[in-house]
Structures are given as C-alpha cells and as structure tokens.
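These notes are about the structure you will find just below.
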Amino acid sequence: MCCSIAKSTPAKYEKMMEALVPPLFDLLKELDALEQEIFARNRAMDAEKPALNIPSHQTHPKWEELIREYRTRFKDIIDKRVSEKLKSRGYANSFGEPSRYFYLKSGAYTAEFTMRKDDMANVIIQYKSSLDKKHKFVLRLIDGVWLVDEKYYGFGNEKTWYLDSI
C-alpha cells in the first residue's frame with residue numbers, strides 16, 4: 001500500500017511533506033487520467049480502421065488532432081506547476097498501457113520525501129511494473145512558487161538515475 005515518509009529530513013522541514021507531496025500526487029494523477037483517456041480514444045480509433053478501409057499500420061485521419069489535443073491539455077495541466085527547464089525536456093510524447101503514473105491509482109507504491117534546504121525537496125516513488133522501478137521528482141522554490149523542476153527514473157536498488165521528461 002502507499003505511504004509517504006520523511007527520510008533524512010530535519011524536523012524543521014517535516015511539515016513541508018504535507019504541503020508538497022499532495023500537490024505533486026494530484027498533478028501526476030491528472031496527467032495519468034489524461035494519458036488513460038487518450039490511450040482509450042486512440043484504441044477506439046484503431047477499432048474504426050477496418051470499417052474505414054484504413055490498413056492497420058496507417059494512422060487514423062483524426063490521429064493528429066488527438067495528439068494535438070493531448071499536448072494542449074497536458075501543457076494546460078503542467079502550466080504553473082512544472083518549471084520551464086523541465087518543460088524544455090519535452091512532454092506528452094507518448095501514451096500507453098500501463099500509463100506512466102499508473103501506480104498512483106493502484107496504491108502499490110512507496111514514497112520517500114527528503115528536504116535538507118529551504119528551496120528544494122526530493123520525492124522518490126518506488127513501484128513495481130514488470131521490474132522494480134522508481135521515479136524521482138525534484139521540487140524547487142522558484143520565484144516564490146514550488147515547481148517540479150527535474151524528473152528522473154531508475155530501477156530497483158540501482159543508484160543510477162536517468163534524466164526524464166514529465
């Protein structure tokens with residue numbers, strides 16, 4: 001089941017976990033719901049192809065419109081919640097099943113909150129997919145607003161983190 005714990009966090013920052021983790025999870029849940037919706041609509045379009053005499057390897061005529069909508073809605077969700085630096089790494093580049101943040105819906109994850117400085121915190125979420133995986137979100141106070149500034153992914157107990165997009 002899910003839980004958030006403060007790890008290596010001085011007592012003076014422990015209350016920040018309650019202020020920062022729920023908005024991060026809300027953001028990820030919104031992105032996850034959007035990804036699931038777009039995936040389902042894409043599947044429905046794929047199912048229409050035979051009736052439209054479109055070969056399975058070709059895209060549906062409305063596919064590009066769906067992708068434009070996905071990117072626009074994704075951008076609207078991350079606006080004022082994600083830094084320009086993280087946005088510049090790209091977003092809404094794919095959708096699939098399972099969705100990127102599926103673990104939040106299932107509750108099958110653990111989250112660790114670490115904060116050692118006034119303007120930066122880390123949230124590491126460990127979950128199981130086909131492999132043990134993890135996401136690391138770096139939250140920064142930028143111009144008086146807490147934003148997701150960096151995102152990484154990793155595997156199991158490995159210490160290596162790979163730079164990722166939101």
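In region 124-140, the qualifying residues are those that are touching a Lys or Arg at 6+ places or on another chain (Cβ under 9 Å) and aliphatic (A, V, I, L, M), and the one that is most open to solvent (accessible area, probe 1.4 Å) is ILE124. Filtering region 130-164 to residues that are among the hydrophobic types (A, V, I, L, M, F, W, C) and either within 18 Å of LYS7 (Cβ to Cβ) or not in a strand (DSSP E or B) (or both) leaves LEU131, PHE137, VAL138, LEU139, TRP161.
Which residues, counting only those in region 51-85, are over 20 Å from LEU34 (Cβ atoms) and among the charged types (D, E, K, R)? Those that are over 20 Å from LEU34 (Cβ atoms) and among the charged types (D, E, K, R): GLU84, LYS85.
Among the residues making up region 47-92, a single one is in contact with a helix residue (DSSP H, G or I) (Cβ under 9 Å, 6 or more places away or on another chain), surrounded by fewer than 13 Cβ atoms within 10 Å (Cβ to Cβ) and of a type in the set (Ser, Thr, Tyr): SER56.
The values are calculated or read from the model by the stated rules, or taken from the named source; none is laboratory data. Since the structure is predicted, the reported quantities are computational estimates derived from the model, not experimental observations. Neighbour counts are summed over all protein chains in view; Cβ atoms, including those assigned to glycine, are modelled from backbone coordinates with ideal geometry. Quick note on the areas: whole protein, heavy atoms, side chains included, nothing else; ligands and nucleic acids left out. Shrake-Rupley method; radii C 1.70, N 1.55, O 1.52, S 1.80 Å.
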